[in-house]
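S.K.: First, the structure itself, so that you have it in front of you.
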Amino acid sequence: MKKVGFLAALTGILFGVHGTADAATYPVYTGYQGTNAAGQVVLLPTTGGTVMQTSNPNVANPTRVTGALPRVGSNTTTVAGRQYYQPTDFDRLADSGLYVGLAVGYSASVSGSVISDYMDEEGGQFVPGAFQEADFATDTVIPLQLSVGASINNDLRIDFGYLRYSGIAYPSMVKSADGIGGYVDATVDGGAITANATMLNLYYNIDSYTGYLAGGMLRPYIGIGAGISLNTIADYVVYDDTFYSEMEPSVAGPGDLTGISDVYAYHNGGTSEQFAFMVEGGLTTEMDGGIKIDFFVRYTNLGKVRTSGSIIVSQTEWLGDGAGSEYPAPYDSVYHYTNWYEGGRLSMIDLGLRLRLQF
């Protein structure tokens, strides 16, 4: 009997401690009630009451929300009324902050021609080395551009750019005046043309009108710019190998001029400061590291190129010997003409790409 009493006392102590521990670790608040599977009201105990069985295997688990999140600004009240950004609506191509850019292109079309300003002057056609209008000659023209700019907002950016063109020259063949109102073929050596333009450019993203392109990976834009271009023409020589007869040797006296040949006209180049402008359109995409790429088509008008207006002519004169023959003069025949200009307007259409590094 003593053993039975001792075991009963020990069992009571153990169950009493266990109940107290549960009540201390998992407090239940007063006033809460629920229903069991039979629909009966179950009152949960207070911290000082008797522990009651409340588990119910039929109680549903909390709802897990899955699927696409609501759009920004929508009236959707799911997910506790919260609103989220959809990843596809995040504008990863947005312009922001300062940037530096490097552009390289190819001039698909070069427009312009050499026009002799003096051809409308009285007697202009008699100037040795004078020539008719001729189109500019072009090698491969690779325009380069450096720019520094900043974004004003998500759609508008402005930059200051330096643009250089080379690979343009005077034509290798022109029509030179023959002195009697006609023209003969003459070759040209030299006359390389370079243009260095500085412009203030403004670009505007137009995807708000066109919508997303390529799933938002391409952003269309347009741009305009204006500034000053320094257009330089290198010196060049027009060579005319025609023999111009002035008098028949058979009737010429000793020392009379019978003819002229090997006419070299040295045209001094020059630099002119001109108003320049450009219009551009393109698409922007982005690489890793904050680098954006602009694929563009650009029309650039650089104004007028013009020589300094100075021509030095060297020619060989032939003299009669009084016996029906002629010989080249032992001296150089040199003439200097001033205010005789050549030049013309220059424009091009470029295809290219620009790398922009944003900070």
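S.K.: List the residues of region 244-267 whose backbone N lies under 18 Å from a point placed 7 Å from the Cα of residue 321 along the Cα-to-Cβ direction.
M.R.: 247-260
S.K.: Where Lys and Arg each count +1 and Asp and Glu each count -1, what net charge lies around residue 328 among other residues with Cβ under 10 Å from its Cβ?
M.R.: Working: positive: none; negative: 262, 317, 326.
With Lys, Arg at +1 and Asp, Glu at -1, the net is -3.
S.K.: Of the heavy-atom accessible surface of region 223-359 (probe 1.4 angstrom), what whole percent is carbon and sulfur?
M.R.: Taking all protein chains in place, region 223-359 shows 59 percent carbon and sulfur surface.
S.K.: Can you tell me, using C-alpha contacts under 8 Å and at least 6 residues apart, the relative contact order of region 225-280 as a whole percent?
M.R.: Relative contact order comes out at 55 percent.
S.K.: Quote to one decimal, in nm, the extra length available between residue 285 and residue 111 on full extension: 0.36 nm per residue of separation minus the C-alpha distance between them.
M.R.: Working: separation 174, 0.36 × 174 = 62.64 nm, distance 3.06 nm.
So the extension gain works out to 59.6 nm.
S.K.: Moving on to the next point. Percent relative contact order of region 108-267, based on C-alpha pairs within less than 8 angstrom and at least six residues apart?
M.R.: Numbers: 335 pairs, mean separation 30.5, N = 160.
Relative contact order here is 19 percent.
S.K.: Could you work out how far apart the two model spin labels at residue 135 and residue 212 are, taking each label as a point 7 Å from the Cα in the direction of the beta carbon, and quote it in nm?
M.R.: 4.6
S.K.: Relative contact order for region 218-359 using alpha-carbon pairs under 8 Å, separation at least 6, rounded to a whole percent?
M.R.: For region 218-359, the relative contact order is 29 percent.
S.K.: Once label points are set 7 Å from the Cα along Cα→Cβ at both residue 121 and residue 244, what is their separation, rounded to one decimal in nm?
M.R.: So the label points at residue 121 and residue 244 sit 1.6 nm apart.
The values are calculated or read from the model by the stated rules, or taken from the named source; none is laboratory data. These numbers come from a predicted model, not from an experiment. Every residue, glycine among them, receives a Cβ derived from its backbone with ideal geometry; neighbour counts consider all protein chains shown. Please note that ligands, DNA and RNA were not included when accessible areas were found on the heavy atoms of the full protein model with its side chains. Shrake-Rupley method; radii C 1.70, N 1.55, O 1.52, S 1.80 Å.
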